[in-house]
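The values are calculated or read from the model by the stated rules, or taken from the named source; none is laboratory data. Just so you know, these numbers come straight off a predicted model, no measurement behind them. Methodologically, a virtual Cβ is constructed for each residue, glycine included, from the backbone with ideal geometry; neighbour enumeration extends over all protein chains shown.
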Amino acid sequence: MEKNLVRVFLADLNHQGHNVKTFPYGVGCVASFAKKIFGDKISIELFKSPEKLADAIIANPPQILGFSNYIWNFYLSYEHVKRAKLINPNIIVIFGGSNYPDQIHRQVEFLKIYNLIDFYIYKEGEISFSELLKVLYTYNFDSSKLKEAEVAIKGCHYLFNGKCVFTEPSPKIKCLDAFPSPYLSGILDRFFEEGYAPLLLFKRGCPFSCTFCSGGIAYHNKLGVLSVERFQQELEYIAKRVKNNPVLYLGDDNFGMYPDNIKACEVINYIQKKYSWPKEISVSTGKRFFDRILHCADLVNGAIRVGISVQSTDKNVLKNIKRINISKEDITKIVDRAHSKGERAFSEVILNLPGDNIEAHLNTIRTLIEVGVDRIQMYPLLLLRGTELETDVSRKKFGIKTKFRILPRCFGFYRFGNSFYSSAEIGEMVIETDIMSFENYLYCKSFQLSVELFYNDHYFVELEGLIRCLGLSVFEFIKDCHNLVNFQEDLKLLYTGLVREVDRELHDKREILEEFITSKEWMDEYAKEEYKNSLATCRAIGILKYSRLVHNVASQALHNYILRNGFDDQELKLYIDQLVRFSLLRKVDILDVNSKLVDEFRYDFKKISQENFLQLPSKFRLLKKQKIEFYFENEIQEKITKLYQEYDDNPILGMRNILYYSPTADLHQYFRSFKY
């Protein structure tokens with residue numbers, strides 16, 4: 001090895017619990033460009049594993065230690081910086097990524113608080129990182145002398161003696177082919193062996209200006225694009241090497257929306273035919289030109305699931321966040337297409353965006369239910385660094401009040417050499433605005449639980465079919481259910497527990513949590529309780545433990561609802577009782593995989609289920625009662641057993657993870673089959 005060879009470590013770390021383990025594509029792009037510029041003058045190693053990075057630092061510290069900085073990995077990365085600086089105080093630490101403020105005074109504050117960061121690469125990193133390396137070469141990699149000279153480096157921020165030396169970011173590159181491929185260069189090869197999922201990018205940037213998203217700022221509105229030829233070369237390279245991982249992750253913000261996305265999908269189709277890969281493509285689809293998006297989905301043989309991320313359907317909210325939303329007609333088109341192909345449609349909603357209130361939030365949910373979306377993923381508003389919404393102007397304009405919490409699954413316990421430490425990521429949550437009180441925020445959270453229990457994944461597909469057949473509103477039925485849960489003591493405790501946990505996990509200041517997360521004792525206790533504080537956990541408890549109570553509420557709510565709407569028919573009342581009973585026997589005590597339940601029914605539920613329950617009962621009335629046996633297929637028994645085995649005998653945690661992290665998973669696969 002050359003004596004003057006500069007050693008560089010670049011890390012894109014993940015927490016233990018983070019469910020998506022992708023290639024370190026971003027730092028790979030930075031590394032590939034740097035190798036193009038400096039060739040054999042530098043040696044670059046990439047890392048995803050916290051422990052592997054720690055071992056490498058201890059064995060032979062690099063001169064430069066760089067990290068990607070996102071909301072899900074900042075504190076984990078900074079813990080490595082603290083320990084690396086103890087080993088060698090002269091290590092030059094460089095961070096880059098979207099988790100960085102966009103206002104100068106906040107940038108200064110960030111670099112003062114996290115003062116072990118020597119340089120921050122602002123916006124896109126390939127050019128700026130290499131420019132910084134060039135300047136460091138001229139100063140013999142003495143960062144103190146460089147800072148003392150106050151050298152301005154494009155797209156690089158640093159502080160020296162309290163003075164900030166900040167420059168504008170490097171210009172956006174329109175053709176991403178100008179940067180060498182981290183795949184074709186071979187720098188990512190070892191991550192195939194380690195089982196990571198391939199991550200690739202076709203277009204970089206977003207034309208929309210959503211104020212809650214870091215991609216919404218003007219800099220990112222200019223798009224960079226990879227040529228179709230280069231895209232094919234990279235896909236071919238990946239397909240030849242990927243092992244036991246059927247998923248391709250695309251980092252595009254609006255895939256399918258642009259004309260050249262069709263050509264990209266034709267390439268994917270070619271790769272699929274040649275290599276039988278990818279089986280699934282995880283990507284954010286666009287918000288306009290849905291005919292084109294659906295065509296793209298068809299080209300890749302259904303590997304892309306078209307999402308419907310509305311966030312809100314309220315006009316005032318959309319105006320406040322500068323968002324152009326998908327129309328109700330397009331939502332309906334996507335849902336109908338998914339159902340025609342036997343697929344599921346899911347959507348995402350954010351609570352407490354500027355202008356949101358109880359009425360606006362519930363109307364958004366109503367719209368999605370009316371068009372038949374299968375699952376509504378509901379999130380609180382996270383105030384991200386570098387977004388317009390995070391600025392002082394937006395905070396004041398909308399009366400934004402925030403508290404801080406640990407982000408779900410973004411924590412863990414790690415080894416650095418012979419010592420161990422805990423780490424967790426902290427998010428700033430919007431809990432109140434000028435028109436949404438904290439009390440109303442908590443009400444919306446509790447209503448979201450009713451959506452989870454009584455609607456999502458068409459848990460009550462039987463009742464829902466009848467409601468739609470009668471021309472009534474499924475949403476109004478859910479409202480009635482929500483108003484009745486307090487009369488079932490255990491369900492009431494489930495709801496009050498959710499509200500209590502939401503409140504308990506919030507802290508007034510970031511600094512309080514920063515102190516807590518370094519305490520192993522505190523983090524041990526948090527790890528035991530963490531899974532309890534989510535909608536998905538409460539829903540899992542409802543499904544696994546309280547299905548009888550949930551069915552009792554649904555039965556009473558439906559009887560009340562149809563009576564209020566003039567349906568005072570004895571046969572209809574009998575049918576509802578039988579329908580609820582049929583539903584319950586399929587879904588009750590599903591952890592008892594060997595159980596077989598039997599009951600008698602006056603209606604032909606085999607034929608009714610074939611009609612997806614979208615029929616009135618009269619023509620399915622039987623002359624005499626018929627016995628139905630409810631049982632678990634062998635395959636389903638195995639799946640349910642895995643909920644125990646894979647999650648340390650905690651099936652609630654297993655079900656929670658299925659519900660939360662697999663929006664297209666079919667919940668009904670865990671229910672009993674039936675036969676006469």
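Structural remarks
- Residues within region 594-610 that are surrounded by fewer than 16 Cβ atoms within 10 Å (Cβ to Cβ), under 20 Å from His668 (Cα atoms) and not polar (S, T, N, Q), tallied: 4
- Restricting attention to region 16-27, the residues that are of a type outside the set (Val, Ile, Thr) and either buried (at least 23 other Cβ atoms within 10 Å of the Cβ) or modelled with pLDDT of 95 or more (or both) add up to 4.
- Within region 129-176, being among the charged types (D, E, K, R) and either loosely packed, with under 15 Cβ neighbours inside 10 Å or in a loop (DSSP other than H, G, I, E, B) (or both) holds for Lys134, Asp142, Lys145, Glu148, Glu150, Lys154, Lys163, Glu168, Lys172, Lys174.
- Number of positions in region 569-615 that are aliphatic (A, V, I, L, M), in a helix (DSSP H, G or I), farther than 11 Å from Phe630 by Cα and within 34 Å of the chain's Cα centre (by Cα): 1
- Residue that is in contact with a Lys or Arg (Cβ under 9 Å, 6 or more places away or on another chain) and over 24 Å from Ser450 (Cβ atoms), where the choices are Arg385, Arg375: Arg385
- Selected residue (criterion: nearest to Ile187 (Cα to Cα)) from residues of region 225-260 that are among the β-branched types (Val, Ile, Thr) and in contact with a Pro (Cβ under 7 Å, 6 or more places away or on another chain): Ile238
- Flag for Leu76 being over 22 Å from the mean Cα position of the chain (by Cα) and either outside any loop (DSSP other than H, G, I, E, B) or modelled with pLDDT under 95 (or both): no
- Single residue of region 317-348 satisfying the filter (assigned to a helix (DSSP H, G or I) and acidic (Asp, Glu)) that is nearest to Glu390 (Cα to Cα): Asp330
- Qualifying residues in region 303-332 (those that are modelled with pLDDT of 90 or more and within 30 Å of Tyr270 (Cβ to Cβ)) - the one surrounded by the fewest Cβ atoms within 10 Å (Cβ to Cβ): Ala303
- Scanning region 191-203 for residues that are outside any loop (DSSP other than H, G, I, E, B) and in contact (Cβ under 8 Å) with a residue 60 or more places away in the chain, we see that the one that is farthest from Val225 (Cα to Cα) is Phe191.
- Matching helices (runs of 4 or more DSSP H) fully within region 466-565 where at least 3 residues are surrounded by 19 or more Cβ atoms within 10 Å (Cβ to Cβ): 474-484, 489-504, 535-544, 547-564
- Hits in region 211-242 - residues which are in contact with an Asp or Glu (Cβ under 9 Å, 6 or more places away or on another chain), in a helix (DSSP H, G or I) and farther than 20 Å from Tyr196 by Cβ: Ser214, Gly215, Gly216, Tyr219, His220, Val228, Glu229, Arg230
- Any hit, region 379-391, residues being at positive phi and among the polar types (S, T, N, Q): no
- Residue match in region 641-662 (condition: among the aromatic types (Phe, Trp, Tyr) and modelled with pLDDT of 95 or more): no
- Leu382 vs. criteria surrounded by fewer than 21 Cβ atoms within 10 Å (Cβ to Cβ), among the hydrophobic types (A, V, I, L, M, F, W, C) and more than 23 Å from Phe477 (Cα to Cα): yes
- Whichever residue in region 40-68 is in a helix (DSSP H, G or I) and not aliphatic (A, V, I, L, M) and, among such residues, is farthest from Asp118 (Cα to Cα): Asp40
- The combined condition, being touching a Pro at 6+ places or on another chain (Cβ under 9 Å) and among the small types (Gly, Ala, Ser), is fulfilled by Ser534.
- Selection of region 230-278 for residues being over 21 Å from Leu176 (Cβ atoms) and out of contact with any strand residue (DSSP E or B) (no Cβ under 7 Å at 6 or more places or on another chain) yields Lys240, Arg241, Val242, Lys243, Asn244, Asn269, Gln272, Lys273, Lys274, Tyr275, Ser276, Trp277.
- Flag for Val317 being closer than 28 Å to Cys210 by Cα and within 24 Å of the chain's Cα centre (by Cα): yes
- Residue count for region 466-496 satisfying the condition of being among the small types (Gly, Ala, Ser) and without any contact (Cβ under 8 Å) to a residue 40 or more places away in the chain: 1.
- Complete set of residues in region 79-112 that are closer than 18 Å to Ala56 by Cβ and part of a helix (DSSP H, G or I): Glu79, His80, Val81, Lys82, Arg83, Ala84, Lys85, Leu86, Ile87
- Residue check for Asn261: farther than 20 Å from Gly97 by Cβ and assigned to a loop (DSSP other than H, G, I, E, B): no
- Any hit, region 385-393, residues being of a type in the set (D, E, K, R), surrounded by fewer than 21 Cβ atoms within 10 Å (Cβ to Cβ), part of a strand (DSSP E or B) and at pLDDT 95 or above: no
- Leu442 vs. criteria in contact (Cβ under 8 Å) with a residue 60 or more places away in the chain, in contact with a His (Cβ under 9 Å, 6 or more places away or on another chain), closer than 22 Å to Asn357 by Cα and assigned to a helix (DSSP H, G or I): no
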